[in-house]
1. What is the sum of charges, Lys and Arg at +1 and Asp and Glu at -1, for the other residues whose Cβ falls under 13 Å from the Cβ of Leu82?
2. Pick from Gly99, Gly126, Gly47: which is most flexible by mean-square fluctuation in a GNM of the chain where alpha carbon atoms under 10 Å apart are linked?
3. Name the long-range amide H neighbours of Val164: under 5 Å, sequence gap of 5 or more, or other chain; modelled H, no Pro or chain starts.
4. Given contacts defined as C-alpha pairs under 8 Å and at least six residues apart, what's the relative contact order of the range 1-68, whole-number percent?
5. From the Cα gyration tensor of the range 39-103, with a ≥ b ≥ c the square roots of its eigenvalues, which class applies: rounded if a/c is under 1.5, or else prolate if a/b is larger than b/c, or else oblate?
6. Please give the net charge around Ser48, taking every other residue with its beta carbon less than 11 angstrom from that of Ser48, where Lys and Arg add +1 and Asp and Glu add -1.
7. Going by the alpha-carbon gyration tensor, a ≥ b ≥ c the square roots of its eigenvalues, is the range 65-153 rounded (a/c under 1.5) or, if a/c is not under 1.5, prolate (a/b greater than b/c) versus oblate?
8. Gaussian network model of the chain, Cα springs within a sub-10 Å range: biggest mean-square fluctuation belongs to which of Ala35, Ala109, Ala145?
Amino acid sequence: WGYGPGRSFKSCGGCHGGLGGIGQQGGTVGVVYGAPEAPLEPGSGGGSYASYVGGRGGGLVRLAAAGTVTVDGAVSANGQSLTTHAGAGAGGAIYITCGVLAGGGSLSAAGGGNSTSSLYAGGSGGGGRIAVAVTGSRRRYTGTASAAGGVGYNATRVGAEGTVVWIDPPVGTVLLLR
């Protein structure tokens, strides 16, 4: 709650790939962090307000395979949504390296929303980061990937969108990720 490199204070949403929304009570929004092409950090928490605890940031999903990874369900690292005066959590990270990505499922690292409609509405969380590095010659994935910012009570409370990166190196390319 309010932890991580992009943590926010007072009633603002947490940050990761996108900035968190500003809460009705003001406060300090954290910073955007992490590598879009190789995300290895979870999302940060939202800021607390009075007795209301900020939302937790989304986690980290790391999948590595030399062959095919098939996603037919949901893989998510979403931030915690709230209905209080505190800030929601930022989206986490999904990082997949594989020969081929297949399936028709969904990848989601969305920021948590905050649907409080009161005068003291907290901010929504910023979107997280998704990166897929495919070493094979093609991708057979027909599903979705989203790092959307969380939805807020009004436009100033909305978290910013995070990042989604697809890396398809041509044959003979060496890809070095640190």
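Quick note: the coordinates plus some simple rules give every number you see, no bench work behind them. The structure displayed is predicted, hence computed values, not measured ones. Cβ coordinates were reconstructed from backbone atoms using ideal geometry, including for glycine residues, and neighbour counts include every protein chain displayed.
1. Values: positive: Arg56, Arg157; negative: none.
It works out to a net charge of +2.
2. Per the Cα network of the chain with a 10 Å cutoff, Gly99 tops the list.
3. HN-HN under 5 Å from Val164: Ile130.
4. Working: 181 pairs, mean separation 23.6, N = 68.
For the range 1-68, the relative contact order is 35 percent.
5. prolate
6. Around Ser48, the surrounding residues sum to +2.
7. prolate
8. Sorting by GNM fluctuation, first place goes to Ala35.
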